[in-house]
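Student: Structure in structure tokens, see below.
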Amino acid sequence: MKISHIQLPQSSAYLSLRQALSVLKHLLGSQPAWVVGGTLRDLVIGRPLHDVDLVVNQPAIGLAQSLAKQLNASLVVLDAERDIGRVVLADGKYLDLAHLRAADLTSDLTDRDFTINAMAAPLYEQAQLGQIIDPHAGLNDIATGTLRMVQANALANDPLRMLRAVRIAAQLGWQLDPATDQAIIAHAELINQVAVERVRVELLAILATRWSASWLRYLDRVNLLPSLIPEIRPMYHHTQPNIHFLDVWEHSLETITAGEWLLAQLEHDQQPVPPAPPALADDWHPPAFFQQPATLRMLPNLTLQLQWAEQVVAQMQQPIGHTASNRALWKMAILLHDCAKPATRVDKPDGSVSFHEHQTIGADIARAVYQRLRFSNQEIEYMCKVIAGHMRPGQLYSQPETTAKAAYRFFRDLKESAVDTLLHALADHMATRGPLLQEHHWAYQAAWTDAMLGFYWDAEAEQKRVPLLDGHTLMQELGLAAGPQIGLLLEAIREAQAAGEVTDRESALALARRLHT
């Protein structure tokens, strides 16, 4: 692959970055700077840019401070010891400036992780870039879609690079070269030397990708995932009742596979399946198995169409806590939704098996995992609610009728996790039955899910959530003092309102009086 030079796109979306680079070059004068790493890689590939990585042969934080002042931008010191600063522009885009990490540019590039990130292009006037410097044939690896270490000790030098390799390959739909794959296997035990905050960022980025289940299988088989989350080990080879076609652990991976297919259906995503991650010689179900739900091997034309698909997709894109969207958190919850099944298993005399309260105990186990990985409290509450509530949709739709009160209580109890728990139930059902899934059962659950979403999102439902009374009115009308009883009465009114039993102020007051007497 031969590219003489590459430039930032001329569209208005990149105007702030081009202007910032022009100002930077003016500040540099005759001193050099190079655009490097992921920025150059993404320019070659044609991926959208939100930032520019640069190296300079002078104190970088001081230069970043001067640039921020010139641009009326913000300065963030990313790493004082390694002299790395970030200049955040008004539109949220940013430039990362780093001091050369070695004696010269060639040595700096050699110290980097992967060949596709070990390229540079000199910065000239007016944000122009010079010829690409590619000492490790990164352009050839881009042409073949291959992720390759720059040197043999690249992963041992920074064990986080093992997760980064998987993240980049998953994001780009590329393959790991055999030497990089073997180095990951050899150094997997080093991952616990890495700060958990850095691990969490990479793990979430992997989960946010389209085919993360297959890469989770790869992380599992090379011993990275169980090193980070040893709580998954009891799930290995733990058999389940005949309604399931996989053991507890593989069912969890298959549920993520099904969840990814569901989201692709709702988003009308028809991307071709990328190359599968490497398989081990003794893989009973290799990563490629988890690129497509097993159900589709028997029912290739199966689809999912929901009236409320647009709202579901929008919700999946909403941020929760520090996470860019809840898609990755949702999959993180799915990963551990059955983690307590081994601990709660009871084999009964009639040959049946129960896992009583595995969802509640599983949420407690998962909470400890999430706390260890330093998720925020808001993120932890979201994921634990999905796990603790994941049996409730099945309990509801197995009844002859789902009443308005039951639906109200479901959304009341699960709050921001409710919609995603419904989607999890669909994925769980598909992953449970696999090739034995019956289309009419699938159609029924999809229709039931749509009805539940309608209860939550349609205009009539929204109107029913407008409070008919407030606490002050209740105290005044019933002669009550402030206290817990007011909250209980208001909740009873909200539930009756959702069920259509009270529709105005007067009927709400009448209900409150009956309950109070």
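Student: Residues Gln31, Gln70, Gln58, Gln65: which one is without any contact (Cβ under 8 Å) to a residue 60 or more places away in the chain, touching a Gly at 6+ places or on another chain (Cβ under 9 Å) and assigned by TED's automatic domain parsing to the domain that holds His136?
Tutor: That would be Gln65, the only listed residue that is without any contact (Cβ under 8 Å) to a residue 60 or more places away in the chain, touching a Gly at 6+ places or on another chain (Cβ under 9 Å) and assigned by TED's automatic domain parsing to the domain that holds His136.
Student: Would you point out which residue out of Asp91, Asp96, Asp42, Asp108 is within 21 Å of Lys25 (Cβ to Cβ) and in a strand (DSSP E or B)?
Tutor: Numbers: Asp91 fails: in a strand (DSSP E or B); Asp42 fails: in a strand (DSSP E or B); Asp108 fails: in a strand (DSSP E or B).
Result of the check over Asp91, Asp96, Asp42, Asp108: Asp96.
Student: Oh, and also: Kindly list, by first and then second residue, each pair from a residue in the stretch 475-499 that is within 30 Å of Thr402 (Cβ to Cβ) to a residue that is among the hydroxyl-bearing types (Ser, Thr, Tyr) and buried (at least 16 other Cβ atoms within 10 Å of the Cβ), limited to pairs with Cβ atoms under 8 Å and residues at least 6 apart or on different chains.
Tutor: Arg494/Tyr408; Glu495/Tyr408; Ala498/Tyr408; Ala499/Tyr408
Student: Oh, and also: Name the pairs: first residue in the stretch 201-219 and under 14 Å from Trp261 (Cβ atoms) and touching a residue at least 60 places away in the same chain (Cβ under 8 Å), second residue buried (at least 22 other Cβ atoms within 10 Å of the Cβ) and among the aromatic types (Phe, Trp, Tyr), Cβ to Cβ under 7 Å, at least 6 apart or on different chains?
Tutor: Ala213/Phe290; Ser214/Phe290
Student: Then there's this: Residue by residue through the stretch 277-298, note down the ones that are closer than 17 Å to Glu260 by Cβ, aliphatic (A, V, I, L, M) and assigned to a loop (DSSP other than H, G, I, E, B).
Tutor: The answer is Ala294, and nothing else.
Student: Of these, Arg161, Arg200, which one is within 29 Å of Pro272 (Cα to Cα), out of contact with any helix residue (DSSP H, G or I) (no Cβ under 8 Å at 6 or more places or on another chain) and among the charged types (D, E, K, R)? If you could, list the steps in order and put the result at the bottom.
Tutor: Numbers: Arg161 fails: out of contact with any helix residue (DSSP H, G or I) (no Cβ under 8 Å at 6 or more places or on another chain).
Sole residue among the options that is within 29 Å of Pro272 (Cα to Cα), out of contact with any helix residue (DSSP H, G or I) (no Cβ under 8 Å at 6 or more places or on another chain) and among the charged types (D, E, K, R): Arg200.
Student: Also, I was wondering about something else. Would you be able to tell me the number of residues in the stretch 353-395 that are surrounded by fewer than 18 Cβ atoms within 10 Å (Cβ to Cβ), over 18 Å from Glu231 (Cα atoms) and in contact with a helix residue (DSSP H, G or I) (Cβ under 7 Å, 6 or more places away or on another chain)?
Tutor: Of the residues in that region, 2 qualify.
Student: Additional query: All but one of (1) modelled with pLDDT of 80 or more; (2) outside the structural domain of Arg412 (by TED's automatic domain parsing); (3) under 30 Å from Leu426 (Cβ atoms) hold for Asp458, so report the exception by its number.
Tutor: (2)
Student: For the stretch 217-261, give me the residue count where each residue is within 24 Å of the chain's Cα centre (by Cα), outside any helix (DSSP H, G or I) and either at positive phi or of a type in the set (Gly, Ala, Ser) (or both).
Tutor: 1
Student: Taking the residues in the stretch 347-375 that are modelled with pLDDT under 95 and of a type in the set (Ser, Thr, Tyr) as candidates, determine which candidate is nearest to Met316 (Cα to Cα).
Tutor: Ser354
Student: Let me ask something else about it. What's the total number of residues in the stretch 463-517 that are within 15 Å of Tyr408 (Cβ to Cβ) and in contact with an Asp or Glu (Cβ under 7 Å, 6 or more places away or on another chain)?
Tutor: Summing the residues that are within 15 Å of Tyr408 (Cβ to Cβ) and in contact with an Asp or Glu (Cβ under 7 Å, 6 or more places away or on another chain) in the stretch 463-517 gives 1.
The values are calculated or read from the model by the stated rules, or taken from the named source; none is laboratory data. Since the model is a prediction, treat every value here as computed from it, not as a measurement. Every residue, glycine among them, receives a Cβ derived from its backbone with ideal geometry; neighbour counts consider all protein chains shown.
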